[in-house]
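The values are calculated or read from the model by the stated rules, or taken from the named source; none is laboratory data. From a predicted model like this one, the values you see are computed outputs, not experimental measurements. Note that we place each Cβ from the backbone using ideal geometry, even for glycine, and neighbour counts take in every protein chain shown.
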Amino acid sequence: MFSDSEAFVVKFWGVRGSIPSPGGETIRYGGNTPCVEMQVCGERLIFDAGTGIRCLGKQMMAEGPISARLFLSHYHWDHVQGFPFFEPAFTPENQFEIYGAIALDGSTVEQRLGLQMLHPNFPVSLQIMASNLTFRDLVPGDRLSLGNSRYDSSNNRVLIETALLNHPGGAVGYRVSAQGRSVVYATDTEHYPNRVDPNLLHLARQADVLIYDSTYTDDEYHSRRCSKVGWGHSTWQEAVKLAQAAGVKQLVIFHHDPAHNDDFLDNVAAAVQERCMGAVMAREGMEIVLQRSPIAVYSPVSPV
Ligand SMILES: [Zn+2]
Ligand SMILES: [Zn+2]
């Protein structure tokens, strides 16, 4: 299909927000919390370390020495809880660069991941991880150009852009671009009333794929019984607005509410697709393959 030097494949390992939601009612979309893998021009990128990263790690263990970069959106549980169970991080021959923003209390990405593995939270410390771990602190707005050791051409460089999202304590959105193709990972963000978030509009401009926090429906968000205003999440209706304003080619509805079972999400899918051509619901095991032409091709894979 592709040589490694030109492949751009997105794979979803965890698509659920807030808390893992296993069980018969979520089996088709999946119950693991956020983890998205991108293989981009020979670079292996992982976005968030929710419980989905455990399954990615299991696959990586069968592959031999691994070199990858992990980008964290923020440190809420559902985005880091899988990290202590990411088996490749315990294996000496593997290496990982881990990126995350400085937290509001000034702690670094290394400190945040270390704290969740201290007693009484977890039996062994971060220092037990025997792989070569490098931690990189980010400031939202940073741009990174990833060198590619195997392919000696500037065409094969991967550009990462970042932006601050609207979430309690902050979160980072990422745009990954290579060879004229781009995917935006924007989860844990709340829309603004009556205007599109300018940070997101810029980040998602003309993107081939936008993965967006669509935890609620508009009705749930504005519910009188339990309003979700200020909780830091958005709706599928706002996802459609953003995707259309930014000229996105394919919208991916992501960070599903744990209370939304498969049938509920099927109904959301139908409603989204009526308003936004090509939009899809994220589900575990789904892959999106970006062709070198500007049209992304959706390749469904059976749920895991
Ligand atoms: Zn979340
Ligand atoms: Zn969050």
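Scanning region 38-49 for residues that are within 16 Å of ligand 1 (Cβ to nearest atom) and either farther than 15 Å from Ser73 by Cβ or in a loop (DSSP other than H, G, I, E, B) (or both) yields Asp48, Ala49. Restricting the first member to region 211-234 and to residues that are free of Cβ contacts under 8 Å to residues at least 60 places away in the same chain, and the second to residues that are assigned to a helix (DSSP H, G or I) and of a type in the set (Gly, Ala, Ser), the beta-carbon pairs closer than 8 Å and six or more apart or on different chains are Tyr212/Ala239; Tyr212/Ala243; Ser214/Ala239. Only a single criterion out of (1) aliphatic (A, V, I, L, M); (2) without any contact (Cβ under 8 Å) to a residue 12 or more places away in the chain; (3) under 25 Å from Thr187 (Cβ atoms) is not satisfied by Val80, namely (2).
Among residues belonging to region 269-287 that are touching a residue at least 60 places away in the same chain (Cβ under 8 Å) and crowded, with 20+ Cβ neighbours inside 10 Å, point out the one that is nearest to Cys35 (Cα to Cα). If you could, list the steps in order and put the result at the bottom.
If we filter region 269-287 for residues that are touching a residue at least 60 places away in the same chain (Cβ under 8 Å), which is where we start, we get 281-287.
Checking which are crowded, with 20+ Cβ neighbours inside 10 Å leaves us with 281-284, 286.
On the way: Met281: 15, Ala282: 11, Arg283: 11, Glu284: 9, Met286: 12 Å.
Per the stated criteria, the residue is Glu284.
Table: residues versus (1) at pLDDT 95 or above; (2) part of a strand (DSSP E or B); (3) within 16 Å of ligand 2 (Cβ to nearest atom); (4) surrounded by fewer than 18 Cβ atoms within 10 Å (Cβ to Cβ).
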{"residue": "Trp13", "(1), (2), (3), (4)": "yes, yes, no, no"}
{"residue": "Ser18", "(1), (2), (3), (4)": "yes, no, yes, no"}
{"residue": "Pro22", "(1), (2), (3), (4)": "yes, no, no, yes"}
{"residue": "Gly31", "(1), (2), (3), (4)": "yes, no, no, no"}
{"residue": "Val36", "(1), (2), (3), (4)": "yes, yes, yes, no"}
{"residue": "Arg54", "(1), (2), (3), (4)": "yes, no, no, no"}
{"residue": "Tyr75", "(1), (2), (3), (4)": "yes, no, yes, no"}
{"residue": "Pro84", "(1), (2), (3), (4)": "yes, no, no, no"}
{"residue": "Ala89", "(1), (2), (3), (4)": "yes, no, no, no"}
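Out of contact with any Leu (no Cβ under 6 Å at 6 or more places or on another chain), more than 21 Å from Ala171 (Cβ to Cβ) and in contact (Cβ under 8 Å) with a residue 24 or more places away in the chain, is that true of Pro88?
On the way: out of contact with any Leu (no Cβ under 6 Å at 6 or more places or on another chain): yes; more than 21 Å from Ala171 (Cβ to Cβ): yes; in contact (Cβ under 8 Å) with a residue 24 or more places away in the chain: yes.
Spelling it out, Pro88 is indeed out of contact with any Leu (no Cβ under 6 Å at 6 or more places or on another chain), more than 21 Å from Ala171 (Cβ to Cβ) and in contact (Cβ under 8 Å) with a residue 24 or more places away in the chain.
Of the residues that sit in region 183-216 and are more than 16 Å from ligand 1 (Cβ to nearest atom) and in contact with a Ser or Thr (Cβ under 6 Å, 6 or more places away or on another chain), which one is farthest from Ala246 (Cα to Cα)? Step by step, filter region 183-216, then rank; the result is Asp208. Only a single criterion out of (1) under 25 Å from Gly17 (Cα atoms); (2) part of a loop (DSSP other than H, G, I, E, B); (3) β-branched (Val, Ile, Thr) is not satisfied by Val124, namely (1).
Only one of these is more than 14 Å from the chain's Cα centre (by Cα) and within 16 Å of ligand 1 (Cβ to nearest atom): Gly180, Gly169. Name it. First the steps, then the outcome.
Values: Gly180 fails: within 16 Å of ligand 1 (Cβ to nearest atom).
Residue meeting the stated conditions: Gly169.
Considering every residue within region 206-215, establish whether at least one is under 19 Å from the mean Cα position of the chain (by Cα) and surrounded by fewer than 17 Cβ atoms within 10 Å (Cβ to Cβ).
Yes: region 206-215 contains one or more residues that are under 19 Å from the mean Cα position of the chain (by Cα) and surrounded by fewer than 17 Cβ atoms within 10 Å (Cβ to Cβ).
Is it the case that region 192-212 has a residue that's in contact with an Asp or Glu (Cβ under 7 Å, 6 or more places away or on another chain), within 16 Å of ligand 2 (Cβ to nearest atom) and not hydroxyl-bearing (Ser, Thr, Tyr)? No: region 192-212 contains no residue that is in contact with an Asp or Glu (Cβ under 7 Å, 6 or more places away or on another chain), within 16 Å of ligand 2 (Cβ to nearest atom) and not hydroxyl-bearing (Ser, Thr, Tyr).
In region 238-268, the residue that is surrounded by the most Cβ atoms within 10 Å (Cβ to Cβ) out of those that are of a type outside the set (A, V, I, L, M, F, W, C) and part of a strand (DSSP E or B) is His256.
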